[in-house]
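Engineer: Below you will find the structure I want to go over with you.
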2 protein chains.
Amino acid sequence: VATVEELSREECFKLLQYRSYVGRIGFVIEGRPVVLPVNYIAERGSVFFCTEGGSKLSVASGGARVAFEVDDSKALYHSGWSVLVLGTAHEVTDADELARLRRGPLKSWAVHPSAHWVRVSIDTISGRRLPEV
Amino acid sequence: VATVEELSREECFKLLQYRSYVGRIGFVIEGRPVVLPVNYIAERGSVFFCTEGGSKLSVASGGARVAFEVDDSKALYHSGWSVLVLGTAHEVTDADELARLRRGPLKSWAVHPSAHWVRVSIDTISGRRLPEV
């Protein structure tokens, strides 16, 4: 059993951007937590992802407090890392910003880019590493 | 952009057991969602994991409603799957069951097996697959 190390803020941002294909968004519906994977992009102090209108996830975009998690692990070495963002989710409604996001590098695997975009503010970011033993 | 397929209950249980090294537990602290990775084992209609006493996660073990998520993805194919369990978390206090869990196959990478064990009831299980395009 290895000892968990706290990651610096800088390391957390680096890992958040390096793993920019799948993360997990945690949100609360009627008092219950829900966790779902999303494709995402991290930039400018925010995490962005796409969602279908009417989906469970879309209810989290109206100013809801959300968690966003990315991790990676090596089973053979019992090692890994994780980064956790706590923030607030808002649907992107500004036409210029929407156009920029739709042109940008993030192509969701499941959601057409014409769908809704959600911005999660990075209010706090923290992370942990479990080194190889 | 591929079309998301719902997984059957049987497929969900199979994937939950197949991926039995890292999952993510979602819980609520003071109204805010938090998501953290854990090593886990799935059996008998429950998910079990270890946690250190006094950790953030330990507050989720007193009958809290939690979410538990596992996923896997292939970036090259823009494909993947995820399984979501919704349930209730309770610390395992029965001496026989604790002894069984501590002898069992799950060796947490970060938490010594002498630490607290938490059982999450599998109240609902659902999953989705994004096929290769």
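Engineer: Do we have residue A:9 as more than 26 Å from residue A:130 (Cβ to Cβ) and either surrounded by fewer than 22 Cβ atoms within 10 Å (Cβ to Cβ) or under 15 Å from the mean Cα position of the chain (by Cα) (or both) here?
Structural biologist: When the stated conditions are applied, residue A:9 does not pass them.
Engineer: Can you pull out the residues in segment B:102-128 that are within 11 Å of chain A (Cβ to nearest Cβ), of a type in the set (Lys, Arg) and surrounded by fewer than 17 Cβ atoms within 10 Å (Cβ to Cβ)?
Structural biologist: B:107
Residue-by-condition table, conditions (1) over 21 Å from residue A:133 (Cα atoms); (2) outside any loop (DSSP other than H, G, I, E, B):
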{"site": "B:107", "(1), (2)": "no, no"}
{"site": "B:111", "(1), (2)": "no, no"}
{"site": "B:118", "(1), (2)": "yes, yes"}
{"site": "B:129", "(1), (2)": "yes, yes"}
{"site": "B:133", "(1), (2)": "yes, no"}
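Engineer: Now, a different point. Please determine whether any residue of segment B:18-26 is closer than 16 Å to residue A:25 by Cα, among the hydrophobic types (A, V, I, L, M, F, W, C) and out of contact with any His (no Cβ under 6 Å at 6 or more places or on another chain).
Structural biologist: yes
Engineer: Under the condition of being in contact (Cβ under 8 Å) with a residue 40 or more places away in the chain and not hydroxyl-bearing (Ser, Thr, Tyr), which residue from segment B:74-88 is nearest to the other protein chains (Cβ to nearest Cβ)? First the steps, then the outcome.
Structural biologist: Step one: of segment B:74-88, the residues in contact (Cβ under 8 Å) with a residue 40 or more places away in the chain are B:74, B:77-85, B:87.
Among the residues that remain, those that are also not hydroxyl-bearing (Ser, Thr, Tyr) are: B:74, B:78, B:80-81, B:83-85, B:87.
Details: B:74: 10, B:78: 4, B:80: 7, B:81: 9, B:83: 10, B:84: 6, B:85: 9, B:87: 10 Å.
Among those residues, the one meeting the criterion is B:78.
Engineer: Okay, moving on. Take the residues in segment A:12-39 that are closer than 17 Å to residue A:59 by Cβ and aliphatic (A, V, I, L, M); name whichever of them is surrounded by the fewest Cβ atoms within 10 Å (Cβ to Cβ).
Structural biologist: Filtering segment A:12-39 for residues that are closer than 17 Å to residue A:59 by Cβ and aliphatic (A, V, I, L, M), the one surrounded by the fewest Cβ atoms within 10 Å (Cβ to Cβ) comes out as A:29.
Engineer: Right, next: Can you pull out the residues in segment A:16-29 that are aliphatic (A, V, I, L, M) and within 13 Å of chain B (Cβ to nearest Cβ)?
Structural biologist: Within segment A:16-29, A:22, A:25, A:28, A:29 meet the criteria.
Engineer: Residues of segment A:30-73 being more than 13 Å from the chain's Cα centre (by Cα), more than 10 Å from chain B (Cβ to nearest Cβ) and in a strand (DSSP E or B), which ones?
Structural biologist: A:62, A:63
All of the numbers you see were taken from the coordinates with simple rules; none came from a lab. None of these values were measured; they are calculated from a predicted model. Glycine also receives a Cβ, built like all others from the backbone with ideal geometry; neighbour counts cover every protein chain displayed.
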